[in-house]
Amino acid sequence: MFKVVGLLALSMAVAANAAQPTPRAASQERSIKALSPEQIEDYLEGRGMGMALPAELNGYPGPRHVLELADEVDLTVTQRAQTEQLFEDMRLKAVALGEEIVAREALLDELFASGTASEAALDDLAEALGRLNGQLRAHHLRHHLAMRDLLDPRQLDRYQRLRGYGSAHGSVGHDRHGGH
């Protein structure tokens, strides 16, 4: 009797779990299934999306964050103007690459939604997306390199502390990377 009740309870639990939507079920309603609305906005606005974390966390600040902390790191008038230009250059190309990525993701989604997916089309789109994402990441990282070269070691250390990273990486190896 206990076995029957136990099996009945187990089968009811399994049935209840099967009826629960998976975490991905909500993605079916997206215009581009593989990208959340936030990701699409990040791409279209040229945001970094963590692509430059290896630079940021190793003492190579990004232009956006330096501008946010311009007064605290004591940017000179010239440094501020150069940082603003660097940020705008970074943003413009990042937006263009982001638009291409979103468009290719939409094509990839449509390929499957239409039932016309083939290995050749899939390979072309996936390779293009890989190249574009790599270009976007390198683009953001290059601007972290350039930003580091605009700041002196004291400003780098100050930036690191303000961002909560400590000062350990703030000036380590700065001269090796073309800095002051």
Query raised in the report: In the stretch 78-113, which residue that is at pLDDT 95 or above and among the small types (G, A, S) is farthest from V66 (Cα to Cα)?
Result: A106
Query raised in the report: What are the residues in the stretch 42-52 that are farther than 14 Å from R142 by Cα and surrounded by 20 or more Cβ atoms within 10 Å (Cβ to Cβ), if any?
Result: Y43, G46
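Looking only at the stretch 28-52, count how many residues are in contact with a helix residue (DSSP H, G or I) (Cβ under 6 Å, 6 or more places away or on another chain), outside any helix (DSSP H, G or I) and without any contact (Cβ under 8 Å) to a residue 60 or more places away in the chain. Working first, answer last.
Initial filter on the stretch 28-52 (in contact with a helix residue (DSSP H, G or I) (Cβ under 6 Å, 6 or more places away or on another chain)): 32-35, 40, 43-44, 46, 48-49, 51-52.
Among the residues that remain, those that are also outside any helix (DSSP H, G or I) are: 32-35, 46, 48-49, 51-52.
Now restrict to residues that are without any contact (Cβ under 8 Å) to a residue 60 or more places away in the chain: 46, 49.
Number satisfying all stated conditions: 2.
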Report task. Having 2 or more residues that are surrounded by fewer than 17 Cβ atoms within 10 Å (Cβ to Cβ) and of a type in the set (D, E) is the bar; report the helices (runs of 4 or more DSSP H) wholly within the stretch 53-138 that clear it. Result -> 77-113
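The values are calculated or read from the model by the stated rules, or taken from the named source; none is laboratory data. Just so it is clear, the structure is predicted and the values come from calculations on it, not from any experiment. For neighbour counting, all protein chains shown are included, and Cβ atoms are generated from backbone atoms with ideal geometry for every residue, glycine included.
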